[in-house]
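Participant: Can you read through this structure? Questions will come right after.
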Amino acid sequence: MRLLQVNVGRVQTRTNARGREETTGIGKHPVTGPVGVGPAGLDGDESAYRSRDIGDTALHGFAVESYAALESRFGQALPRPAFGENLLFAGYGDADARIGDVLAIGTALVMVNQPVPRCGWPGVLTGVKALGPQAMKAGTPGWYMQVVRAGIVAAGDAVDLVQRGDAAWTVARLNALLLNKHPDPAVVAAALAHPILADRFKKELRAS
């Protein structure tokens, strides 16, 4: 597993899919060289959501393999980062990632804690209609991570899986659960009881 890109960006005011002005941190760009990462995420990065809940959404990951799948689905290339992700991974995707996985990247440790409930911004950024919801339907939503140990990361770093989460709770499975209009109440209850699954995602499940 390897880290292919480290991406940062500032919150900006943009016109959303409904034609309204809104602040968002979706617009990020790759950076080279070492980048510090702490409890609030990458140095030089901002998130409109994270200003309200820093810990659960400190870092946003996405898989290069998911880009390949979505590009095949849409028949066109997608810019990277198209989803506002901070870290682009190779060899580690939504079906691999488990809630509670701890990854060593550079000198930092990060923990996977939820899938990303997608909004309309990736579609606005790329011009591909409903790209965010379509990524969820394709089973490639990406995931959020919290920072377990601050450190330094850089594009090209190896990614080591130092602690494995429960195999029952992959990012892909939880994403499918969120999309299911008639989920098994027992499965939802078990997800809501998970001690590591982020509160933001539990709120999404309760509201779905």
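The values are calculated or read from the model by the stated rules, or taken from the named source; none is laboratory data. Since we're looking at a predicted model, the values are computed, not measured. Backbone-built Cβ (ideal geometry, glycine too); neighbour counts: all protein chains shown. Quick note on the areas: whole protein, heavy atoms, side chains included, nothing else; ligands and nucleic acids left out. Shrake-Rupley method; radii C 1.70, N 1.55, O 1.52, S 1.80 Å.
Participant: Can you sort 46, 21, 65 by 1.4 Å-probe accessible area, starting with the largest?
Facilitator: 21, 65, 46
Participant: For segment 136-148, take each phi angle, set θ = phi - 60°, evaluate the Karplus expression 6.51 cos²θ - 1.76 cosθ + 1.60, and give the result in whole Hz per residue in order, putting x for glycine and proline.
Facilitator: Along segment 136-148, the couplings run 5, 4, 7, x, 10, x, x, 8, 9, 9, 9, 8, 8 Hz.
Participant: I want the local charge near residue 117. Using Cβ-Cβ distances under 9 Å, sum +1 for each Lys or Arg and -1 for each Asp or Glu among the other residues.
Facilitator: Result for the neighbourhood of residue 117: +1.
Participant: Sort 145, 111 by accessible area with a 1.4 Å probe, largest first.
Facilitator: In descending accessible area the options line up as 111, 145.
Participant: Ignoring everything except DSSP H segments at least 4 long, calculate the 222 nm mean residue ellipticity for the chain; use -39,500 (n - 2.57) per segment, divide by total residues, nearest 500.
Facilitator: My calculation for the chain gives -6500 deg cm²/dmol from helical runs alone.
Participant: Using a probe radius of 1.4 Å on heavy atoms only, what accessible surface per residue do you get for the chain? Whole Å² is fine.
Facilitator: On the way: 9270 Å² over 208 residues.
Counting only protein heavy atoms, the per-residue value for the chain is 45 Å².
Participant: Additional query: First compute the accessible area of the chain with a 1.4 Å probe, then give the percent of it belonging to carbon and sulfur atoms.
Facilitator: 52 percent
Participant: Which of the trypsin sites (Lys or Arg not before Pro) found in segment 51-108 are loop residues per DSSP with 10 or fewer other Cβ atoms within 10 Å of their Cβ?
Facilitator: Counting only loop positions with at most 10 other Cβ atoms within 10 Å, the trypsin sites (Lys or Arg not before Pro) in segment 51-108 are 52.
Participant: Label the chain by shape, choosing from rounded, prolate and oblate, from the square roots a ≥ b ≥ c of the eigenvalues of the Cα gyration tensor; if a/c is under 1.5 it is rounded, and otherwise prolate applies when a/b is larger than b/c, oblate when it is not.
Facilitator: Since a/c stays below 1.5, the shape of the chain is classed as rounded.
Participant: What length, rounded to one decimal in nm, is gained on full extension from residue 162 through to residue 90, with 0.36 nm per residue of separation minus their alpha-carbon distance?
Facilitator: Additional length available on full extension: 24.2 nm.
Participant: Also, quick follow-up: Going by the alpha-carbon gyration tensor, a ≥ b ≥ c the square roots of its eigenvalues, is segment 103-208 rounded (a/c under 1.5) or, if a/c is not under 1.5, prolate (a/b greater than b/c) versus oblate?
Facilitator: It comes out oblate by the Cα gyration axes.
Participant: Which lysines, on any chain, are close to residue 129 with Cα under 18 Å apart, when same-chain ones fewer than 8 places away are left out?
Facilitator: 137
Participant: Using 0.36 nm times the number of residues separating residue 193 and residue 138, minus their current alpha carbon distance, what extension gain do you get?
Facilitator: Numbers: separation 55, 0.36 × 55 = 19.80 nm, distance 2.62 nm.
Using 0.36 nm per residue and subtracting the Cα-Cα distance, I get 17.2 nm.
Participant: Is the C-alpha gyration tensor of segment 1-104 telling us rounded, prolate or oblate? Criteria: a/c under 1.5 is rounded; beyond that, a/b larger than b/c is prolate, otherwise oblate. The partial results should precede the final answer.
Facilitator: Details: a/c = 1.62, a/b = 1.08, b/c = 1.50.
Oblate, since a/c reaches 1.5 and b/c is not below a/b.
Participant: Of all DSSP beta bridges in segment 1-92, what percent run antiparallel (nearest 5)? It would help to have the intermediate numbers written out before the result.
Facilitator: Values: 12 of 15 bridges.
For segment 1-92, the DSSP antiparallel bridge percentage is about 80.
Participant: Taking a probe of 1.4 angstrom, what is the accessible area of residue 101 in Å², to the nearest 10?
Facilitator: 0 Å²
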